[in-house]
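Participant: Shown below is the structure under consideration.
Every read-out reported here was derived from the displayed coordinates using simple, explicitly stated rules and does not represent laboratory data. All figures in this text were calculated on a predicted structure; none of them were measured in a lab. Here the Cβ is made from the backbone with ideal geometry for all residues, glycine too, and neighbour counts use every protein chain on show.
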Amino acid sequence: MAPDTPRAPADGLQPPWPGARRRGDQVGIRCVFMRAGTSRGAFLREEDLPRDPALRERLILAIYGSPDFRQIDGLGGATSLTSKVAIIGPPSRPDADVDYTFGQVRVDEARVDFRGNCGNISAGIGPFAIEEGLVAATEGISRVRIHLVNSGALLVAEVPVMSDGLCPVAGDAVVAGVPGSGAPIILDWADVGGTLGRGLLPTGRPREVLETAIGRVEVSIVDAGNVTAFVRPSVFGLSGPALPAHRMDRDLLDRIEAVRGAVALRLGMVEAADRAQSVTPTIPKLYIVDPPADYLDAAGRAVRGADIDLIGRGMSMGTPHQAYAGTVAVATGAAVGIPGTLVHEVARAPCREGGRLRIGHPTGILEMDAKVDRGPEGFRLARSAVMRTARRIMDGTVYVSSRRLA
């Protein structure tokens, strides 16, 4: 028997759930590890996971090695962008090809947050579903209809497919924050306006002033992709091009969280603003926007103000996002098309009517197409297309200690 072939457990115990396998005192399941957009994580099949939610959460935490600030005993990369999980299964609605549940794995806490969506990880769902045989595909471009279980919306991915039925990796598409180039995957987010069920403007106002722990703050709350609050950098004594890309001092982080907490309270997600970090750490998102200007990105490269329509910076699980969240790009595109929002105010005039939008962020420029229509029932997201790339890094069996599941 080969050294890496799992042996029958000496204690005679069977795998703890269908889809699992035992290897001595460890338990393993099938796993595909992918880079999708500017994020990375484990892609798991629903059928391989335990049904019990608590056991499932313990399994995912063990896969990533959380809680541990290094995640040294798992696959996690010790950042929020590399601690994400995608669970893919058969569709639970007739107009979808697959179900996709997103989970944000906490690095320093024994918790997986299943609220909200992830636009970057979403880029890997189409290729995964095709290559795993969950979706029939033909050579050329295949459309994969993805049910976003977290929010109940439908995302459509246009995925290139080769003659052998696999999805190409090589291509000319460039995603700021990802080295090199890859095959383009187009994500159409037109159906994800109003994830809270209250439309693009969940409070009914394009902008408003909230009472926060740091004083009165003007915000625009827009719900598309993920519900996002936009503020001006002056709220925190910052200017657009000078926003920190990686590190912020504790006082600044606390002030930012104070505003995000006030938004969560305004949306009825928490009963007290200071509870937002523990109750709902992933949403609402908080992003800072400013008019276009010249700046240096995180690698020291010059970004010209003439090449962008606005500047955006945001947070991911209490730390600065190193790029730009895909779902927040959707919210930004929606906000640009709604008169009265802070985003509409700072963006270049041509993009306000719909079309190409260029967002300057810490690692470069994100380009997307966005259009908002206004009808009798209010604003509607007519188009929101974001280009991403994705790549399968490894596949096989991921093992965790049986003790972590107890």
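Participant: From the square roots a ≥ b ≥ c of the eigenvalues of the alpha-carbon gyration tensor of segment 208-382, which class results: rounded (a/c under 1.5), prolate (a/b over b/c), or oblate?
Facilitator: Oblate, since a/c reaches 1.5 and b/c is not below a/b.
Participant: Let me make sure I get this right: for segment 175-292, a, b and c are the square roots of the gyration tensor eigenvalues over alpha carbons, sorted descending. Under 1.5 in a/c it's rounded, otherwise prolate if a/b > b/c, else oblate. Which is it?
Facilitator: It is oblate, given that a/c is not under 1.5 and a/b is not larger than b/c.
Participant: Once fully extended, how much extra length lies between Glu211 and Glu132, figured as 0.36 nm per residue of separation less the alpha-carbon to alpha-carbon distance?
Facilitator: Difference between extended and current length: 23.5 nm.
Participant: Just to confirm the filter: which trypsin sites (Lys or Arg not before Pro) across segment 44-99 are DSSP coil and have at most 16 other Cβ within 10 angstrom of their Cβ?
Facilitator: Those that pass, being in a loop and sparsely packed, are Arg51, Arg70.
Participant: Here is a follow-up. So for segment 208-382: antiparallel DSSP bridges make up what percent, rounded to the nearest 5?
Facilitator: If we restrict to bridges inside segment 208-382, about 85 percent are antiparallel.
Participant: How charged is the neighbourhood of Leu381? Take every other residue with its Cβ under 9 Å from the Cβ of Leu381, and add Lys/Arg as +1 and Asp/Glu as -1.
Facilitator: Here the count lands on +1.
Participant: Okay, next question. Name the residue, out of Gly360, Gly65, Gly133, whose mean-square fluctuation peaks in a Gaussian network model built on the chain with Cα pairs under 10 Å.
Facilitator: Maximum fluctuation in the GNM of the chain, among the listed residues, is at Gly133.
Participant: Do any trypsin sites (Lys or Arg not before Pro) in segment 121-214 lie in a loop, going by DSSP, with at most 16 other beta-carbon atoms within 10 Å of their beta carbon, and if so which?
Facilitator: Qualifying residues, ordered by number: Arg198.
Participant: Please identify, among Leu55, Leu44, Leu154, the residue showing maximal mean-square fluctuation in a Gaussian network model of the chain using a 10 angstrom Cα cutoff.
Facilitator: Top of the fluctuation ranking is Leu55.
Participant: Another question, if that's okay. Give me Thr389, Thr138 sorted ascending by neighbouring Cβ count inside 10 Å, so fewest comes first.
Facilitator: Thr138, Thr389
Participant: Report the extension gain between Arg404 and Ala302 in nm, rounded to one decimal, defined as 0.36 nm multiplied by the number of residues separating them, less their alpha carbon distance.
Facilitator: Contour length minus the Cα-Cα distance gives 32.1 nm.
Participant: Calculate how steeply helix 250-266 sits against the longest principal axis of the alpha-carbon atoms of the chain, using the helix alpha-carbon long axis, and give the answer as 0 to 90 degrees to the nearest 10.
Facilitator: 90 degrees
Participant: Based on the mean of other Cβ atoms within 10 Å per residue, sort peptides 28-40, 327-339, 347-359 so the most packed one is first.
Facilitator: 327-339, 28-40, 347-359
Participant: State the answer as a single residue: which of Ile214, Ser234, Ala323 lies farthest towards the positive end of the charge dipole of segment 208-382, with beta carbon charges of +1 for Lys and Arg and -1 for Asp and Glu, about the Cα centre.
Facilitator: Ala323
Participant: Extending each Cα 7 Å along its Cβ direction at Asp251 and Leu55, get the distance between those two points in nm, one decimal.
Facilitator: 5.1 nm
Participant: Considering Cα pairs under 8 angstrom that are at least six residues apart, work out the relative contact order of the chain and quote it in whole percent.
Facilitator: With pairs under 8 Å counted, the relative contact order is 17 percent.
Participant: A further question follows. Considering only C-alpha atoms, what is the centroid distance from segment 38-95 to segment 328-376, in Å?
Facilitator: 32 Å
Participant: Sticking with this structure for a sec: Return the label of the correct value of percent of Cα pairs over 30 Å apart, as calculated from the structure shown, out of (i) 52; (ii) 40; (iii) 45.
Facilitator: (ii)
Participant: Output the antiparallel fraction of DSSP beta bridges having both residues in the chain, as a percent to the nearest 5.
Facilitator: 85 percent
Participant: Restricting to DSSP loop positions (anything but H, G, I, E, B) with no more than 16 other Cβ atoms inside 10 Å of their own Cβ, which GluC sites (Glu not before Pro) remain in segment 98-138?
Facilitator: Glu109, Glu132
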